[in-house]
1. Out of Gly162, Gly154, Gly197, report the one residue that is outside the structural domain of Glu358 (by TED's automatic domain parsing), surrounded by fewer than 21 Cβ atoms within 10 Å (Cβ to Cβ), modelled with pLDDT of 95 or more and part of a helix (DSSP H, G or I).
2. Give the residue, chosen from Gln92, Gln75, that is part of a strand (DSSP E or B) and at pLDDT 95 or above.
3. Report whether or not Gly54 is of a type in the set (Gly, Ala, Ser), in contact with an Asp or Glu (Cβ under 8 Å, 6 or more places away or on another chain) and in the same structural domain as Gly172 (by TED's automatic domain parsing).
4. Does segment 99-134 hold any residues that are part of a helix (DSSP H, G or I) and either within 16 Å of the ligand (Cβ to nearest atom) or not assigned by TED's automatic domain parsing to the domain that holds Thr200 (or both), and which are they?
5. Tell me which of these Arg284 doesn't satisfy, since it passes every other one: (1) outside any strand (DSSP E or B); (2) more than 30 Å from Ala50 (Cβ to Cβ).
6. Mind listing whichever residues of segment 53-64 are under 19 Å from the mean Cα position of the chain (by Cα) and either modelled with pLDDT of 95 or more or at positive phi (or both)?
7. Does Asp297 satisfy the criteria of being closer than 26 Å to Ala357 by Cα, touching a residue at least 60 places away in the same chain (Cβ under 8 Å) and surrounded by fewer than 19 Cβ atoms within 10 Å (Cβ to Cβ)?
8. Take segment 40-85 and flag every residue that is of a type in the set (D, E, K, R), in contact with a helix residue (DSSP H, G or I) (Cβ under 6 Å, 6 or more places away or on another chain) and within 29 Å of Leu448 (Cβ to Cβ).
Amino acid sequence: MSASVITVETQKDLSHKLIIQRPSAGLSLQGCIRVPGDKSISHRALMLGAIAQGETEIQGLLLGEDPRSTASCFQAMGAQISELNTELVRVQGIGLGNLQEPVDVLNAGNSGTTLRLMLGLLASHPGRFFTVTGDNSLRSRPMSRVVKPLQQMGAQIWGRKGNSLAPLAIQGQALKPTHYYSPIASAQVKSCILLAGLLTAGQTTVTEPALSRDHSERMLRAFGAELSIDPETNSVTVTGPAQLHGQKVIVPGDISSAAFWLVAGAIVPDSELLVENVGVNPTRTGILEALALMGADIQLENQREVAGEPVADLRVRSSRLKSCTIAGDIVPRMIDEIPILAVAAVFAAGTTIIRDAEELRVKESDRITVMAQQLNKMGAKVSELPDGMEITGGTPLVGTDVDSHTDHRIAMSLAIAALVSTGITTIHRAEAAAISYPDFTATLKRVLF
Ligand code: S3P
């Protein structure tokens, strides 16, 4: 594709403008894509590697800014982590209970997963004091969802607004086991409590209202923790104190990153993309089910299991989409893909309804308000619902100035919408994509014809 169709301009404040101009002759997407490593699995591999006994080897780590935040926090507490790369990262674990008191504030950057999962470990390290913070977005996101269950276990945590906002201060304690009934289906809440349970003598149980991603459960078992799972009640129990041993982790491609190409391949006419090596853990494949409901042509090829996680290559060909309704238990299984699903809905015949997704309001941005505002600026018909969106498809989009609100998934969703909009779309603060997908723009340039 000619270089002028996609340009990146770096601004004085170092933010990026991503400018996408659709050529009058039309375009298509063709080729093979390898998406970067799964973000959730990358965080967990670094964390469990750091607290296990012995060495952990990680292949395929995501080199985005979020896992870098996790690595630097655990390095500050004594773990030795080799230079981050996709081939092989070696983590010298310090053994459970041995996190050192850091000499400075731990900074989780933009990463809710880093901060919330880490809190479970910090709160259960007796005699050590920790302070944690994050960027503007993370400092406004609710932490009471993990602070409350940890307090139920006896944790001592202080912060702004009734201990609910970072920066937080934590005085580590020997905790007591609990059974926590979480009001939300959140893998971050579930994982935080399970990690606190590792050092806590006895049985710590979390029950969630619907099943959230289960990467922690899979990886904790692989590292040697004693876990029992009751699928009937969506409950997981960990028995502490646990023994974790370093493992070899192979991180599959992130389905949340693949989702941009699946939607792009579906809505850009005459396209065919093969997205290789994508994790298709059933707790993450809600987006595949939703796109199938909309009539997308997506085939799973070469299905296999790699290091305890199901993996497949995904082939997408463009097709006419129709609206769908997304609500209930599917929502936690596709929570990060709803912004890009909203883009698909804009190009689908009929009215798509998304409900039960109020969690979107407390992600890296308020993804309901921001997606509705930005897509409407381009001419879409999106109305906000308290817990979702109503999207009437079929109105042509016109390029204009839009803004990521520093949210990586919004930046990439708007870039895909721009491919099917007339004129020029300028996405402000598009550098946010590097949180989870540093090569997104380079890949987009490569597959555009
Ligand atoms: C994540 C869980 C999800 C997801 C986030 C990563 C994880 O958050 O949105 O991007 O790695 O555990 P919640 O579990 O809070 O919904």
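The values are calculated or read from the model by the stated rules, or taken from the named source; none is laboratory data. Quick caveat: nothing in here was measured; it's all calculated off a predicted structure. For neighbour counting, all protein chains shown are included, and Cβ atoms are generated from backbone atoms with ideal geometry for every residue, glycine included.
1. Working: Gly154 fails: part of a helix (DSSP H, G or I); Gly197 fails: surrounded by fewer than 21 Cβ atoms within 10 Å (Cβ to Cβ).
Gly162 is the lone residue from the list that is outside the structural domain of Glu358 (by TED's automatic domain parsing), surrounded by fewer than 21 Cβ atoms within 10 Å (Cβ to Cβ), modelled with pLDDT of 95 or more and part of a helix (DSSP H, G or I).
2. Details: Gln75 fails: part of a strand (DSSP E or B).
Result of the check over Gln92, Gln75: Gln92.
3. Details: of a type in the set (Gly, Ala, Ser): yes; in contact with an Asp or Glu (Cβ under 8 Å, 6 or more places away or on another chain): no; in the same structural domain as Gly172 (by TED's automatic domain parsing): yes.
Taking the combined requirement at face value, the residue does not satisfy it.
4. Our first condition is that a residue be part of a helix (DSSP H, G or I); within segment 99-134, this holds for 112-123.
Matches in segment 99-134: Gly112, Thr113, Thr114, Leu115, Arg116, Leu117, Met118, Leu119, Gly120, Leu121.
5. So the condition that Arg284 fails would be (2).
6. Ile58, Gln59, Gly60, Leu61, Leu62, Leu63, listed by residue number.
7. Working: closer than 26 Å to Ala357 by Cα: yes; touching a residue at least 60 places away in the same chain (Cβ under 8 Å): no; surrounded by fewer than 19 Cβ atoms within 10 Å (Cβ to Cβ): yes.
The answer is no for Asp297.
8. Within segment 40-85, the first condition is being of a type in the set (D, E, K, R), and the residues that meet it are 44, 55, 57, 65-66, 68, 83.
Checking the rest, the ones that are also in contact with a helix residue (DSSP H, G or I) (Cβ under 6 Å, 6 or more places away or on another chain) come to 44, 65-66.
Glu65, Asp66, listed by residue number.
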